[in-house]
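Comments concern the structure below.
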Amino acid sequence: MAKQFSSFKTEKFPHNAVRDCYVSNPYPRYQPPKADAAKPAIVKALVKAAQNSNPARHEAWYTTPRLDVKTGLKKPFIKRMNAHRARAVNALMVAMADRLNIVSGKVEAGVEQLSDWCGLSTGSGAKKSISRASRALTTLEELGAIQCERVWDDSTHSYIPKIIWVTELFFVLIDYEVGKFLSAKSQQLSWENQKLRDKGEGPITLSEARSRAKETHIKKAFDYRLKKRAFNKQRRLACKIDEMEPSQARHSIMNDLVKLHSKDELEAMGHQGLRRLVDQRYHALRKLAASTAPPPDTP
């Protein structure tokens, strides 16, 4: 499988050091997070089609009007996409083909993940930038090859990671017959409905599969944000402990542990057991204070 991805065909452009210098990775390439993961035959076929075609130079770019994502108004016609944007688009098309849910048409990855896997991200942590991938995806959305759905989170007053859906034009760009995909989609839905019947549940339609995919995406995003919020709260406590003198920090931790345990539990562990818990928590909090890693399972 790894070999399959390494064969991604890159468009050759004349070398120009001046134009190449403003991007950190002039030749992005999709590297799957799990190269040996088993994939349905249709997904493998889509990936191969995306690798062997040149989506950024398809004729559709010259014949299909591009619409502004926010206003819906037509955008000025561009004769030719610049080389760096074209390479980013091609790499992202391979990535989306590989992460596509055949039934729902949803790309099972967020913009940040796609950017990382294609080598389009720059920086790290709070300073990470995914603007190159984001602009390339916006270009595809303007053409109509993908649809990005934005859901507002009232609790954090911000949008959750975009939900990316592919359209029939996506398959046109990678030169894959739309009819073959729709046939595979119908077959996959029948197989999934059979599994639901085996569990005593009723079958679902394509629109219901799409709705479920959206609900799952939103739930995962909210769960991640709750986990991240708890992580940040715990880290603030850890930083406060780290700023204290060791004796003061241990005393503060001991007071917290005494509140958490009943009188019987404290008597059972004894003073040595309590001291051991204090030491363990002290070292764990100091380690957390020095860490900037986010909680796992990012959406």
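Restricting to region 179-196, name every residue that is under 18 Å from K44 (Cβ atoms) and either under 24 Å from the mean Cα position of the chain (by Cα) or not polar (S, T, N, Q) (or both).
Correct list: K180, F181, L182, A184, K185, Q188, W191.
Restricting attention to region 221-254, report how many residues are in contact (Cβ under 8 Å) with a residue 24 or more places away in the chain and over 35 Å from the mean Cα position of the chain (by Cα).
5
With (1) more than 24 Å from T205 (Cβ to Cβ); (2) over 14 Å from the mean Cα position of the chain (by Cα) as the list, and P161 as the residue in question, which single condition is left unmet?
Failed condition: (2).
Can you tell me which condition R210 does not meet? The list is (1) surrounded by 16 or more Cβ atoms within 10 Å (Cβ to Cβ); (2) farther than 30 Å from A109 by Cβ, and all the others hold.
(2)
Of all residues being surrounded by 12 or more Cβ atoms within 10 Å (Cβ to Cβ) and β-branched (V, I, T) in region 277-299, which is modelled with the highest pLDDT? Just the residue, please.
The residue in question is V278.
Taking the condition of being of a type in the set (A, V, I, L, M) and surrounded by 13 or more Cβ atoms within 10 Å (Cβ to Cβ), how many residues in region 259-276 meet it?
3
Taking S183 and the conditions (1) modelled with pLDDT of 90 or more; (2) touching a helix residue (DSSP H, G or I) at 6+ places or on another chain (Cβ under 7 Å), which numbered condition does it fall short on, given that it satisfies the others?
Going through the list (1) modelled with pLDDT of 90 or more; (2) touching a helix residue (DSSP H, G or I) at 6+ places or on another chain (Cβ under 7 Å), S183 breaks only (2).
Are any residues in region 31-45 surrounded by fewer than 16 Cβ atoms within 10 Å (Cβ to Cβ) and assigned to a helix (DSSP H, G or I), and if so, which ones?
A41, K44
Which of the helices (runs of 4 or more DSSP H) contained wholly in region 172-271 include at least 3 residues that are within 30 Å of S53 (Cα to Cα) and in the same structural domain as E59 (by TED's automatic domain parsing)?
Here the list reads 178-198.
The values are calculated or read from the model by the stated rules, or taken from the named source; none is laboratory data. As the structure is a computational prediction, the values presented were derived from the model and not from experiment. When we count neighbours, we look across all protein chains shown, and the Cβ atoms used for this are built from the backbone with ideal geometry, even at glycine.
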